[in-house]
Each structure stands twice: as structure tokens, then as C-alpha cells.
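Structure, as C-alpha cells:
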Amino acid sequence: MLYSIYMNEPNIDPKLLKPYDPKETENRIYKIWEESGFFNPDICIEKGVTDKDAETFSMVLPPPNVTGTLHLGHAATLTIEDIMTRFARMQGKRTLWLPGTDHAAIATQSKVEKILEKEEGKRKTDLGREEFLKRVEKFAQESHDTIVTQSKKMGASLDWSREAYTLDDKRNFAVRTAFKKMYDDGLIYRGHRIVNWDPKGQTVISDDEIVYKEEKTKFYYLKYGPFIIGTARPETKFGDKYVVMHPNDKRYKEYKDGQTINLEWINGPITATIIKDESIDMEFGTGVMTITPWHSNVDFEIAERHHLDKEQIIDKYGKLLPIAGEFSGIKIKDAREKIIVKLESKGLVDKIEDYVHNIATAERSEAFIEPQIMNQWFINVNKPIKDRENKSLKELMLEAVQNKGINIIPDRFEKVYYNWIENLHDWCISRQIWYGHRIPVWYKEKEIYCDIEEPKETGWEQDSDTLDTWFSSGLWTFSTLGWPDLNSSDFKKYHPTNMLETGYDILFFWIARMILMSTYLLGVVPFKNVYLHGLVRDAQGRKMSKSLGNSLDPIDLAQKYGTDAVRMSLIIGTGPGNDTKMSEDKIRAYKNYANKLWNITRFILSNTENIKYIEKFENYVEREKILIEERDNIIKDITKEMEEYKFYLVGEKIYHYTWSRLADIIIEESKDILQNGSEEDKNSRAEFLLDTLTKILKVLHPFMPFVTEEIWSILHIDNKKLLMVEKWPE
RNA sequence: GCGCGAUUAGCUCAGUUGGUAGAGCAACCCGUUUACACCGGGAAGGUCGUAGGUUCGAGUCCUACAUCGCGCACCA
């Protein structure tokens, strides 16, 4: 009996007699991969699975923040990049996918601060810099270990021997080297300029770390001498002694630029100066405003243009300074009502309207940003650079994409990138936090010293600030490959990298900064291609978050359905740049698919037991020749689509071929052929089935690496290597 | 204000260069001793957001509009 052979036939692997069990399989397979050393391109060459002079494929993993555990977004990143990596490796390329983690300065520090507050009721200042940093490092180490374990669980074929950390010694050396060079070139400068101050986090943040939130508030019309001025923030108005209007505003043509007027204000009489400036919107409010240069970007610029005095009104903690007179020391949010009461009593309030506007908050601490003028470190993005044909950083960043040195997928993000660069201001890189790369600058009285190493003489004190975390991330494609040692063999071999794959949400934060650093420091692009994926959302399309309670843990899902199923469901139905919606139904479907493949294998092996698989079988009959042509055309399409990064199409194509075509049609008709056909027909069909199975395993391997490797290990094939280093089928 | 994306079956989404619409899940009917019930067979379900246009032919290209979402800028 044909169908009962396997029941008592010892030749079939007993594993096949049960349904596919990912739990039993995955860790074992990953260990075999790791022990083979094939994640490391050098070992692939040493063991002869990759040619010594093979084409290179290199890519860095976007280093996850050491702020906890991986979420589905990371799982998507790992899956897409692992598909790229495994495909390249099977194509015979010298393939490096380099792992690492990110110290994520502000994010990690504030996380530990929150834990400290919650568990011990302490602040970081209670511990002191050194002790607090020990706590952060311990937390970071634990997060790191979790992240590595989880990445392995996802099947990522990362070269762990090259693992890096954005804050380890090598990367710190790279950071100091880069800083010193930029300082010497005059690109890094210390400036007394208006910055985004986070009163809660007690640090400056960059423009990109601001999140705008809509706020309903009041809009006050106040009598300011002969004018009515509009403001949403009366609490900042104490020092306002300039009143600004558009030079073409006919309503105010009797007032001349520079003219002074005396008027009664919050705390008594003042003298105000008329300023005419074209930046004023005549349509907004009354077309007249007073300015607070210390606490408003726009006002700061007006004051700079007209060389006006600037006065601080609010301190670092959000309290009013003595200039506010009787309101001194009051928190600004409490002061507003009180000030309005006083203004009303003086008859200076004209009217009050409801108003909706966007308010700047800090991404991490969620506090309202208070612009302040402070001494901070900046990167000048407009200064011409001698070694780079007098181009500015802005121009270098623009050209890298415009000249097609970098290809962005999907290309609509090129526009977004250009738009961002056009609006780019000098990048504030200093942070008043403790966890991060310390600024390599030392002070002694009025002297200042910048170098890679600290000064030898005594008496120098290092700047207490640390660098924006994206400064070190910007160096990532080459700091991980041995830079600043230009003779490093990794650097020479793998830079520029071929691909940078990440979520579109960090286009500005990270991708732009890497382009900045690489084009400036090395004169080359950091990567030739950028592939941007979307965010992973829940079944309702909401962003996954702990507070909503809708976040799915990729590791839980992998435990439940198998990693291959999770990977497949993250890929199929998702084009580049578009958000993905995840649901357990979808994952369940691909769990069934893994098992289907398992059963297809069982059928084929149990029905071809006396047949030896011959890779280049020559006696196919006409019926199989037709099937082979169909199959090989599909494989050709698949290869082309893999090269075009259309993984969502490939995954679906393989799925359909194996299930609807191979299983439902071809295998069904094979039952008859294998039982009743002639010897020639039987052999032809058996060879076709074995050949097709091996090819499906190969093209499916980048997507579902575990189940394919496991089935591969069961097949009887001569000179078999691990599937992960087998050649991609032609 | 500028720009981008989405709108396709009940739900969630694919649809690569324009050629008579696809998947997963759900719902319906039939089938279970032999690869697989983590299954098979069958049927049902869509005027592809609206209105125009180009074309022999439009889900796909163009224009306008609507709704939802996102980014940037502004926010006195």
C-alpha cells in the first residue's frame, strides 16, 4: 500500500510523523547556524562557501536602544534585513550584517531616572554622577542581553563577532576623533544662542526631539500704549520693550522705526521702542506684537536683526525671575491667571478669545519646551568646508541624494528629505545629561582646549555636557568597521555599505546624520541604498503602545506560532514605506503554512523512497517538462523581485505556488501517477517532486529560515551544506 | 500654509510596465481510515471614495473634490 509505507518504514525521519514543532526546532537550528560560523563572512571564505573575491553585501543593523525589550517594529526590521542578508549570502556574496545596540542617551537616562524615582524615591542628584551612571550601565547591560537573546530568537543571521555599542571604547574614540576634526574645521562652535530647553529633563534638546501637541488656550488682547497686542503668553511679557509691526502696515504708518513711546505696563511705566520688521504678519491679530527674544525663536531672530537687548524672564526651572517684580519666583503656569487679574485691574485687557495652537513639548519628558538663550555646542550646517570643494554640510547632504549616490526606496521620501534639509538650522549637539559621550573639551580659566585625549597638565576641567546620541549614531556605518583606522580591513572591504534598512520615522534623526558625517569625514556616502519600512500597528491601525495595552510581544508570538510564521506575517501585505497592521489571525495562517510545507515533505519523501534525487535528471517526460518550465519561470520572477526588494510579492508567490499549485494540484495528481504510472512516468514525477521541494526550500529560506533548514536536514542530498549557505536556484 | 500617503469583498490588506479583480480571517454548503482537519472540494461576496478627462481599453495615468492619517513650517 502506497500510503501506508511510512507508518512502519524506518527510512523516513520520525520527526515527520508528527506535525511541525517550531518550539523544538528553532533554538536547536539557531545554535547550529551560530556554531557553523557562517554569519561571519570571513569564516564563509575560510570554509569555502563564499569565493574570496566575491561581490560584497554589507549592512548595519539599526542599533536598538538599550531601553528595554524588542517590540514588533524591531521584529519587522530584523526580518526584512535578515531576508536581504540571507538572500545575498545564498547568492554567493561576501555578506556582512553587523549588529549593535544604541546607548540612546536621553531615552535610557530618563528611563533609569523613572525607575529610581518609582522604586527608591530618589533623584539622580541624590546618587551623584558616578553612582547614577553605574545604575544606568547596569540597566543598559541587562537590556542589551535581552535584546541579543530576542534577536537570535527571531532568527537574525547577524555576525555577532563584530557586535558594537554606540558608547563602547572604540566608538568613543571615533566620536572624539570626529568632534576634534569638526572643531578644527570650525564646524563645531560654542554659541550663546536660543535653544530648546526642557525644564523637566533639565537639558537642551534638538529641533527633531520636539513633539508638537495641540493646546486649547486663551488669546489675550492687551493694551500696550496706543497699540493693542495679542499674546497667548502674558507671563513672558514683563521685559517687552520693543513693539514690532510691518513697515507697509498703513494702520501704523505714523509710527517711525526707532521711535520711543512711554506707556503703562504690568509693573509700572516703561519706555518702548518701535521696530519695523517684514516678518510680521499683518493679518494676524492686530498686526502688532511685542517681543520676548530670550524665550521665542522668532523674537530672537528679530532682535538679532535689529541688534536689540535681550532679557531673561524665566529661569531654568520655569519660574519667573526678579524682573517680574511681585510675581518673581512663581511658576509660569500659575502666574498667567494672576497677571491677567492685575492687567484687568489696571484696565489693560482689551478682550480675551479662545485659541488653539500647537505647543512644543519634549519627546522624552513630555514637558513644555521653554526656549532659552544659552551657551551650547552647535554644528554649523552652512559653513563652506575647504576639503569638500567649499560645500556646506547642508549641500553635501543634499547632493548625496540628488546625485543618486544614495537611492531611497520608496522614492517619495527623497522629497521629504529635501524638505527637511531646506529647513535645517545649526544642530545643537550638547546635552546636560550624564549618560553619553562626554564633550572632548577642557577649560582652564579663560582658555579652551579641544583634543582627542585630555590635556596632560593639571588644572583643566572637562566640559560637563554630553553629546546628542545621534552624534555617535551618525558615525555608525564606519565606526563599526574600524574607523578612524583607515587601514582597517573591514573598513576597506565593507564601506560604503550597500543597504541601510530602517523605519521611515528616523529618516531625519539617523539617516540624515549618517549622510552628514560620512560625506564630511570620508567624502563618500555611508550607504548606496536606503529601504524604509513602515510602522507596525495593531489590527485597528493604532500605534502599538504599552499604555493602550495593544502591544504584541514578538517573542510571545514566536513562542505561540513559531518564528517563521511571525516573520512571514510581517512581510506579506506590506510594501516599503507603508504601515503594517498585525493580527494574530494573519500569523496563524502562516503557522499553518509551515505545517503544510512539513506535510508536503512527508508526502514526497514517503512516496519517493526508492528514488535517488538527481539534481540534473535528464529523463523527464513531457508532463514534467511543462511543470518545470512553469516552476522555473516563477523562480526567475522571484529572483528578480528579490533584487527589487519586493519581498511582499515574493512571499505571497511562494506561498501560492506551494499551496494552491504544488499541494492542491500537482501532488493530488501525483498520487495516481506514482501508483499506476509506467516506470518512466514514476521516475519523472518523483524527480520533479524532489527537485521542486529543494528549490522551494531555497527560495523560501530567507523568509522562513527555521522550518526550511529543518526540512533540508532531513532530505537525502549528496554534498549537502547547511541550507543557509546553499546556492540560490537559477 | 506646503507636502506626502490612504480610500479595493463583512474585517485587515495585496494588486510590479493600463489588458475582463486577489489573499488571510469571518460567514455558507459538502467531504474525515491513509501527506496534511494546522485539511480538501464547492459556492457566495466588489459599479476598486466621488465627479470629470486621456485611451480601443483605467483599480492602475491626468484634473478637481471629499473623508481619514502623517510629515514639515507657522503659532505675537
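The values are calculated or read from the model by the stated rules, or taken from the named source; none is laboratory data. Remember, predicted model here, so these are calculated numbers, not experimental data. We place every Cβ from the backbone using ideal geometry, glycine too, and count neighbours over all the protein chains shown. Side chains included, ligands, DNA and RNA excluded: accessible areas come from the protein's heavy atoms. Shrake-Rupley method; radii C 1.70, N 1.55, O 1.52, S 1.80 Å.
For segment A:575-593, the residues whose backbone nitrogen is under 12 Å from a point 7 Å from the Cα of A:Ala663, taken along Cα to Cβ, are A:589-593. Considering only Cα atoms, the convex hull volume of segment A:620-714 works out to 90 Å³ per residue. So if the hydrodynamic radius of segment A:429-540 is defined as the Kirkwood radius over C-alpha pairs, what does Stokes-Einstein give as its diffusion coefficient at 10 °C and 1.306 mPa s, in µm² per second? Using the Kirkwood radius from Cα pairs, D works out to 97 µm²/s.
Averaged per residue, chain A has 45 square angstrom of accessible surface, using a 1.4 angstrom probe with ligands and nucleic acids left out.
In this calculation the C-beta distance from A:Glu584 to A:Ile359 is compared with R0 = 51 Å, giving a FRET efficiency of 0.85. Per-residue ellipticity at 222 nm from helix content only, as computed over chain A with -39500 (n - 2.57) for each DSSP H run of at least four residues, stands at -12000 deg cm²/dmol. Across all C-alpha atoms in segment A:150-286, the radius of gyration and Dmax reach 25.5, 75 Å.
Counting only alpha carbon atoms, the long axis of helix A:705-714 and the longest principal axis of chain A meet at about 20°.
3J(HN,Hα) couplings calculated from phi for segment A:174-185 with the Karplus curve 6.51 cos²θ - 1.76 cosθ + 1.60 (θ = phi - 60°) are, in sequence order, 4, 4, 5, 5, 5, 4, 4, 5, 5, 5, 5, 7 Hz; Gly and Pro show x.
A Förster radius of 56 Å combined with the Cβ-Cβ distance from A:Glu730 to A:Ser489 puts the calculated FRET efficiency at roughly 0.95.
By the scheme Lys and Arg +1, Asp and Glu -1, what is the net charge of all other residues having a beta-carbon under 12 Å from that of A:Arg336?
Neighbourhood net charge equals +4.
In order along segment A:132-148, phi translates into HN-Hα couplings of 4, 4, 4, 4, 4, 5, 5, 4, 4, 5, 5, 4, 4, 4, 4, 4, 5 Hz, rounded to whole numbers, per the Karplus curve 6.51 cos²θ - 1.76 cosθ + 1.60 with θ = phi - 60° and x for Gly and Pro. Run the Debye formula on the Cα coordinates of segment A:115-220, all scatterers equal and no solvent, and tell me log10 I(q)/I(0) at q = 0.10, 0.19, 0.22 1/Å. Taken in order of the listed q values, log10 I(q)/I(0) reads -0.58, -1.25, -1.24.
Close amide-amide hydrogen proximity is noted between A:Gln462 and A:Tyr443, each under 5 Å apart and 5 or more residues distant or on a separate chain (H modeled in the peptide plane; Pro and chain starts excluded). Here the Karplus relation 6.51 cos²θ - 1.76 cosθ + 1.60, evaluated at θ = phi - 60°, turns the backbone of segment A:718-727 into coupling constants of 6, 6, 7, 9, 5, 4, 4, 10, 6, 7 Hz, with x for every Gly and Pro. Extension gain, A:Val621 to A:His425, is 63.6 nm, computed as 0.36 nm per intervening residue step minus the present C-alpha separation.
The protection proxy used here, the mean number of other Cβ atoms lying within 10 Å of each residue, ranks peptides A:613-626, A:366-379 as follows, highest first: A:366-379, A:613-626.
Measure off, as a whole percent, the carbon and sulfur share of the 1.4 Å-probe accessible area of chain A, all protein chains present. Result for chain A: 48 percent of the exposed heavy-atom area is carbon or sulfur.
Near A:Asn407, the amide H atoms lying under 5 Å from its own belong to A:Asn529, A:Val530; only residues 5 or more places off or on other chains count, and H is placed 1.01 Å from N. Put simply, the amide H of A:Thr95, placed in the peptide plane, has neighbours under 5 Å in A:Phe57, leaving out anything fewer than 5 places away on its chain. Shape call for segment A:469-621 from the C-alpha gyration tensor, a ≥ b ≥ c root eigenvalues: rounded (a/c under 1.5), prolate (a/b greater than b/c) or oblate? Oblate shape, in that a/c is at least 1.5 and b/c is the bigger or equal ratio.
Seen against the Cα atoms of chain A and their longest principal axis, helix A:647-656 is set at about 30 degrees.
Computed log10 I(q)/I(0) for segment A:200-352 at 0.09, 0.12 Å⁻¹: -0.29, -0.53, from the Debye equation with unit scatterers placed on every C-alpha and solvent omitted. Applying 1/(1 + (r/R0)^6) with r as the Cβ-Cβ distance of A:Lys351 and A:Thr125 and R0 = 35 angstrom yields a FRET efficiency of 0.20.
Considering all C-alpha pairs of chain A, those separated by over 45 Å amount to 38%. With the highest mean first, a sort of the peptides A:465-471, A:600-606, A:433-439, A:252-258 on other beta-carbon atoms found within 10 angstrom per residue produces A:465-471, A:433-439, A:600-606, A:252-258. Rg/Rh for segment A:342-484 (Cα atoms only, Rh after Kirkwood) is 1.10.
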